[in-house]
Every structure is written in C-alpha cells, then in structure tokens.
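The values are calculated or read from the model by the stated rules, or taken from the named source; none is laboratory data. Bear in mind that the values here come from a model prediction, so they are computed numbers and not experimental data. Counting neighbours? That spans all protein chains shown, and the Cβs are built from the backbone with ideal geometry, glycine included.
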Amino acid sequence: MKIGILTGGGDCPGLNPVIRGIVRKANNEGHEVIGLRHGWRGLMEKEILLLDLNSISGILHKGGTILGTSRTNPYKSEDGAEKVKNGFKELGLDALIAIGGEDTLGVATKLYKEGVNVIGVPKTIDNDLCSTDFTFGFDTAVNVATECIDRLHTTAESHDRVMVVEVMGRHAGWIAAYSGIAGGADYILIPEIPINLEEVYTSLKKRHKRGKNFSIVVVSEGAAFDESELCLQEKELDQFGHVRLGGIGNMLGKLIEEKTGFETRVTVLGHIQRGGTPSAFDRVLGTRFGIKAYDLVNEGKFGQMACLQGNEIVSVPLEEATAELKTLDLKLYELAKTFFG
C-alpha cells in the first residue's frame, strides 16, 4: 500500500509521535508512506515528503509537525475538492490519514462520503472533539498553563495584585478548568457559561475580606458576557468561518480593577500553550493513535477516527466524531467552584 499523511489546523504537541507511529508500523509491514505538506493544500498541490525510518528518527520529543500545517479548506477554493481527489489518484495513494481537529476532520468526513479512503486522527489542545475522552496536545497545554499559573502566584502575592490569566479554548473550557483547578485559581471563566461580573467581583472581595491580598482569575479566550460579545483580534474569518479570538483577559482585567479597586495585571498565554515538547502522556497517546490509524487502514475500515475511550484505543465513524463539539463537563466546573472566593 501507499499511505498519505497530512496534519491540518493549528499545530499541537504530539503530532510528530502520531506520524512516527504510523510510519514505523507501516514500514515494518512493507508499506510506503508519504507526507503531504501543509494540510489539505499539500494534497491539492501535490507537495510531498517521503516518510521513512530516517525521516522520523528523533521526532518523538519534538513539538509542532514535521509536515507543516495550514487552515486550508478545499471546499472553500475553486475546484478544491476535485484537486484533492485528483491529487489522491495522481500520487497513487491507497489511503489517507488526516490528523486534525473539527475543521480538518470535517473535510475528511465529506471526502469519505465522496469516495476517498480516509482515516481520521483527533488533534486539538482544546480537547473539544466528540467520541474521544482526550486528544493529544491537551495534557501538554494544561501542564504549560498550570506552570504559568504557579509562577503568577508568587508575583501576585508579592504585589497584592489580582492576576488574570487568559488561556486557549474557543468553544470549550477544558484547558481553563483543568489548569485552573491544578493551579489553585480563585475564579475560572469558561465559554459554556456567560460571565457574570457581579459574581466575579463579589467572590474576589470576599477573598480579600478574609485576609488574602491576591487572587488568580483564569479565563478561556472564548468566554464572553453573552454569545454576541466575543472578544476578537480581528473580524476577518478564516476558511472555516472562524474569527481570531483574543482580548477577553484585558477587558476583564480593566473591569476588575475599576469595580474592586484591586490592582490587576493580565497575562495572555496564547501560542505558548501550543509550542514546545509534548508531555509523556501526549507522546504515548499520539503514538497509540498513530498505530490505530495504520491498523484501520490495513483493515480497510475507512471513514473511521481513532479515539480514546477509557484506556482503550478504539474507532468511531468520522461523521459521528464531527457531528458536534465536546464542551466542558459542567460537573467539573461545579467542583472548581468549591474554591471560588
């Protein structure tokens, strides 16, 4: 067989372990693997990279993706879908493994329905893909955010300040909740629940009244006062219809300082959460996903996505996995609220 691999959407710690797992298993069993550069664009324009044991040597611990990535949507460009299908045929591929989030796998779902042999691997630091308990990259992002919150505790306490920490999370508050709980945040704000400023102010004042001279507030970038008030860096949409979020932390910081009188500073973690070395958990999970993706190809079970359920790596239909987003389990948020104020 000749198998193609692409990585689409935002980069993510753990992508290279997935690629390594696929290539190692395929090579061991005598199959050829090629990488498609920069997501769906690589298949449209036939930008390829030969993947063998030499090209995957030493990539397990590296962040990002050796294949490069982009947010190209073939269904938004002229004849894009046809170019993808033609590229698949002209490159002589028997199967394609698409590694990505809701957008990349949404394209994969459409292509499978149109006759392309596709397997999906879930990738997002936001942990918001259905049918899988965790996605690789999430654990690394949480560890990075938690370490940053730990560091902010000492400077907040030294200066008697409120520290607002903006973390990633467009539609789901998984990173905010996990890092906030792990880092001992005094308030956590997530996209699933509109921000109630009076509750925030009351909680912080209550904390200060009992003698605590500093507070840590963690907020997801997608948190908002209501659905029409997302904070945007710019209004232009990408090819999947998304805006660039950013700014809720700064807005919240100003309001907290104005309404409570407590000196407030803001830290926006941004792409720091995406970059760098993947955690041990993400290296293992990525490897397991890669092996499962190859096995699905070998068994001819196309239109499936590898996923983690409990401690087992299983598969579900791509259509099911991309039907809706997995938002935060609000039981976890109720747990976090125990420590507010």
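The set of residues in segment 252-289 being assigned to a strand (DSSP E or B) and either among the basic types (Lys, Arg) or closer than 27 Å to residue 310 by Cα (or both) consists of 265 alone.
Number of residues in segment 53-84 that are of a type outside the set (S, T, N, Q), over 27 Å from the mean Cα position of the chain (by Cα) and not in a helix (DSSP H, G or I) equals 3. Residue 310: out of contact with any strand residue (DSSP E or B) (no Cβ under 8 Å at 6 or more places or on another chain), at positive phi and outside the structural domain of residue 216 (by TED's automatic domain parsing), yes or no? Yes, satisfied. Evaluating residue 118 against the criteria (1) at pLDDT below 95; (2) closer than 17 Å to residue 9 by Cβ leaves one unmet condition, (1).
Matching residues to (1) in contact (Cβ under 8 Å) with a residue 24 or more places away in the chain; (2) farther than 21 Å from residue 126 by Cβ:
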| site | (1), (2) |
| --- | --- |
| 263 | yes, yes |
| 282 | yes, no |
| 296 | yes, yes |
| 299 | no, yes |
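In summary, residue 48 fulfils each of the numbered conditions (1) in contact with a Pro (Cβ under 7 Å, 6 or more places away or on another chain); (2) within 30 Å of residue 78 (Cβ to Cβ) with the single exception of condition (1). For segment 6-51, residues that are touching a helix residue (DSSP H, G or I) at 6+ places or on another chain (Cβ under 9 Å) and assigned to a strand (DSSP E or B) total 9. In segment 85-186, counting only helices (runs of 4 or more DSSP H) that sit wholly within it, the ones holding 1 or more residues that are free of Cβ contacts under 8 Å to residues at least 12 places away in the same chain and hydroxyl-bearing (Ser, Thr, Tyr) span 138-159.
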